Amino acid sequence: MRFVPLFAWARLRHRPARWLLVALGVAVATVLPVLAENSAAIVAAQAVRYGVAQLDPGQRSLIASAYGQRLTPAQVGRLDTEVRKELAPLAATPPRAELLYGRLATGANTTYSLAAADDLASAVRITEGRAPRSCTPTRCEVVVTGTGTPALSPDLGLVIVGRAVRTDPLLLSGTFDPGAGVPVLLADGVVPATQLASLEQFPRTYGWVTPIDLDRVQHLGVSAYLARSAQATEDLLGFYPGINLDAPDDVLRAQDARARQSARRFALLGGSATALL
């Protein structure tokens, strides 16, 4: 038996290159599955990011909405603080507060929408006239977006001061979309616009909208991100029972499933290369 090590050593000295190739092949074959798994994870994450990025802005946004009657400025402030706290772990930018009244009618059997947004100047571009400067319970300046100009009843206290086009694709998007072709009157500021005396009993929806954070989705993984989204929904309902959080959870699941399928194909290629080696 003592001749076996000597014999192996003699063969190694006689053909060292062959043994070096064997050792190198074994090392590469060991590393390839690890590299394939890591590459598959990267492919899956990038596929989710790309798929979500191709959606309309309204489909890849977070929209917290509360339907009901008029809230006092203090109530709006408390709700605003809570919504921002819950959306912070899901979004990269602070949400924009919005307000949308129920559809209003004119005397000519046509309808229009009345809405408001905080920091309106950053969400629209004025094309005619000027931007709204004030909004009180009895007189509120607005700009018109969309097609046509509604004939307003003087007792509403609404004063049209210009026309505008939306520059923020998330403004009145998703569940807040009033519909194509509907003229929309926009006031600057949710709190002042919700205090209109003429519409005190009129139903309205308060909202906060912001895009989802794709970097955070990629960093946490879809499952962990969805868990955070579900927890935010539960926390908001505990704070204000009439609130709802619309998040693209189904879209993320679908994109994640497609990404995982692509990753499995990638891993299969890596495994085939390992087998051939």
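Just a few scattered comments:
- Condition broken by N109, with the remaining ones in (1) surrounded by 12 or more Cβ atoms within 10 Å (Cβ to Cβ); (2) at pLDDT below 90 satisfied: (1)
- Residue in the stretch 113-131 that is crowded, with 21+ Cβ neighbours inside 10 Å and assigned to a helix (DSSP H, G or I) present: yes
- Scanning the stretch 84-99 for residues that are touching a residue at least 60 places away in the same chain (Cβ under 8 Å), under 27 Å from P203 (Cβ atoms) and out of contact with any Pro (no Cβ under 7 Å at 6 or more places or on another chain) turns up E86, P94, P95, R96, A97, E98, L99.
- Residue count, the stretch 147-177 (criterion: among the acidic types (D, E) and under 28 Å from the mean Cα position of the chain (by Cα)): 2
- Within the stretch 48-77, tally of residues that are more than 21 Å from P137 (Cα to Cα), assigned to a helix (DSSP H, G or I) and either at pLDDT 95 or above or open to solvent by 30 Å² or more (accessible area, probe 1.4 Å) (or both): 6
- Qualifying residue in the stretch 116-126 (condition: in contact with a helix residue (DSSP H, G or I) (Cβ under 9 Å, 6 or more places away or on another chain), within 21 Å of G207 (Cα to Cα) and among the hydroxyl-bearing types (S, T, Y)): no
- Of all residue pairs spaced 6 or more apart or on separate chains, those with beta-carbon atoms under 8 Å, a first member in the stretch 144-172 that is free of Cβ contacts under 8 Å to residues at least 40 places away in the same chain and a second member that is among the small types (G, A, S) are G146/G181; T147/G181; I160/G129; V161/G129; V161/A131; G162/G129; G162/A131; R163/G129.
- Note on the stretch 139-247: enclosed strands (runs of 3 or more DSSP E) holding 2 or more residues that are open to solvent by 10 Å² or more (accessible area, probe 1.4 Å) are 158-166, 204-211, 243-246.
The values are calculated or read from the model by the stated rules, or taken from the named source; none is laboratory data. None of the values given here were measured: they were computed from a predicted structure. All Cβ positions, even for glycine, are placed from backbone atoms using ideal geometry, and neighbour counts span all protein chains on display. Surface accessibility is based on the protein's heavy atoms, side chains included, excluding ligands, DNA and RNA. Shrake-Rupley method; radii C 1.70, N 1.55, O 1.52, S 1.80 Å.
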